[in-house]
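Just below is one structure, and these are the notes that go with it.
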Amino acid sequence: MSLRGAKRRSNLILCILLSLIALTSNPVFATLALKAVTMPQTIQAIYENGVLRPLQKLDIPERQRLEILILEDDLAPSLIAQAAEQAGSYDFLHHPDEDIYTMEDGEEI
């Protein structure tokens with residue numbers, strides 16, 4: 001499924017759950033439906049030997065089926081900083097108006 005299709009599907013599920021919350025007179029069901037809407041989590045994991053291993057404890061039941069969106073972290077922070085510097089992203093820092101602090105503002109670190 002494409003990212004656009006996944007987003008459409010999740011929006012449809014969200015609309016259905018919100019409708020059920022609005023229509024239900026059962027507070028337990030409404031609470032469960034609302035929890036399903038507000039539960040998305042972002043976690044980091046490592047892929048090892050064909051298995052995704054979370055880097056933190058998850059508060060979900062064993063064998064719970066999940067939908068996972070994989071975003072690869074393939075650029076080192078140093079490369080991103082280097083690209084930003086070469087593109088002129090930090091040029092404003094050399095402008096005299098950006099130097100707003102004086103020695104009287106505090107102690108050196």
Among the numbered conditions (1) surrounded by 10 or more Cβ atoms within 10 Å (Cβ to Cβ); (2) polar (S, T, N, Q); (3) part of a loop (DSSP other than H, G, I, E, B), tell me where Gln56 comes up short. (1)
Quick check on this structure: which one of Ser78, Ser89, Ser10, Ser19 is at pLDDT 80 or above, surrounded by 11 or more Cβ atoms within 10 Å (Cβ to Cβ) and out of contact with any Ser or Thr (no Cβ under 8 Å at 6 or more places or on another chain)? Ser89
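The values are calculated or read from the model by the stated rules, or taken from the named source; none is laboratory data. Model, not experiment: these values are computed from the prediction. All Cβ positions, glycine included, derive from the backbone under ideal geometry; neighbour counts span all protein chains shown.
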